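Everything below concerns the one structure shown next.
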Amino acid sequence: GRMAVVRPKTRYAGSGGAVYDEIGLTYAATRSPDPRIAAAILDALGDARSVVNVGAGTGAYEPVDREVVAVEPSGAMIAQRGPDAAPAIQASAEQLPFVDNSFDAALAVNTVHHWSDLRGGLRELRRVARTRVVIFLRNPRSGIAFWLADYLPELEPADRIASIVAAIEEELGPLRTICVPLPRDCVDGLFTAYWARPELYLDPDVRRNISNFALAPAEAVAEGLARLEAELDSGTWDSRYGHFRALPAVDLGQRILVATL
């Protein structure tokens with residue numbers, strides 16, 4: 001008979017809702033929007049007057065000058081949305097509770113890699129948006145290599161993201177790609193945000209709000225961080241990567257992908 005394929009239950013089940021119920025409790029503290037990333041996302045939305053923000057989290061990159069409806073699977077994240085944030089509906093990307101062509105644009109920021117059914121979610125974005133779909137993600141195969149991957153290779157899912165980008169192109173058609181360099185003082189505590197401030201990766205409060213750390217095997221993380229700490233103490237890190245401390249901004253693969261429908 002045929003072998004039964006047993007898929008392990010990943011912590012991505014349900015569009016990232018579960019992992020953010022765990023890590024999302026202090027998320028708003030280190031994950032405030034960076035104004036330079038925000039400006040690039042706003043620019044990519046163009047003249048869209050109405051926007052659905054899917055996988056919206058605490059609402060970091062939602063435009064304030066348009067009609068926005070947020071969709072977020074995690075109750076913990078919705079609870080942290082500010083009083084001025086757009087109305088939020090608890091639902092997943094794969095089943096958006098809207099009729100076709102409900103919004104000018106669909107926005108998805110740092111979220112598609114958490115979806116349990118990527119292509120289903122992408123088709124939903126296309127279904128509910130009239131003019132464009134805007135996706136912000138990091139593709140580790142673009143830009144320069146991130147030095148932290150030398151210490152924590154498990155946290156750098158380059159193959160997975162490359163296949164996600166390929167799926168986006170297949171589902172949404174030709175994409176306009178906008179490069180978003182990360183400034184040295186990036187205020188949004190993304191995985192790559194502290195490229196010039198390596199000591200901050202040793203801070204558990206910083207790591208707690210980065211999904212890469214929450215999803216990686218704890219032993220591997222502890223080992224890699226111990227080596228980073230030792231090499232910062234000994235000066236090895238600075239002899240190898242210290243030149244980063246002086247750069248104003250670096251392209252670490254952050255991209256805005258724009259599909260025109």
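The values are calculated or read from the model by the stated rules, or taken from the named source; none is laboratory data. Given the structure is predicted, the values throughout are model-derived calculations rather than measurements. So basically every Cβ, Gly included, is an ideal-geometry build from the backbone, and we count neighbours across all protein chains shown. Quick note on the areas: whole protein, heavy atoms, side chains included, nothing else; ligands and nucleic acids left out. Shrake-Rupley method; radii C 1.70, N 1.55, O 1.52, S 1.80 Å.
Points worth noting:
- Residue pairs meeting the criteria (Cβ under 7 Å; at least 6 apart or on separate chains; first over 13 Å from Phe146 (Cβ atoms), in segment 240-251; second open to solvent by less than 60 Å² (accessible area, probe 1.4 Å) and of a type outside the set (A, V, I, L, M, F, W, C)): Pro248/Pro183; Ala249/Pro183
- In segment 102-117, of all residues being open to solvent by 30 Å² or more (accessible area, probe 1.4 Å) and in contact with a helix residue (DSSP H, G or I) (Cβ under 8 Å, 6 or more places away or on another chain), the one that is farthest from Arg160 (Cα to Cα) corresponds to Ser102.
- Any hit, segment 106-126, residues being in a strand (DSSP E or B) and over 17 Å from the mean Cα position of the chain (by Cα): no
- Of all residues in segment 180-212, those satisfying the criterion of being open to solvent by 20 Å² or more (accessible area, probe 1.4 Å), in a helix (DSSP H, G or I) and within 22 Å of Asp251 (Cα to Cα) are Glu199, Leu200, Arg207, Asn212.
- When segment 147-169 is limited to residues that are touching a strand residue (DSSP E or B) at 6+ places or on another chain (Cβ under 9 Å) and touching a residue at least 24 places away in the same chain (Cβ under 8 Å), the one that is farthest from Arg197 (Cα to Cα) turns out to be Ile168.
- Residues satisfying the stated conditions in segment 167-179, i.e. surrounded by fewer than 18 Cβ atoms within 10 Å (Cβ to Cβ) and of a type outside the set (S, T, N, Q): Ala167, Glu169, Glu170, Glu171, Gly173, Pro174, Leu175, Arg176, Ile178, Cys179
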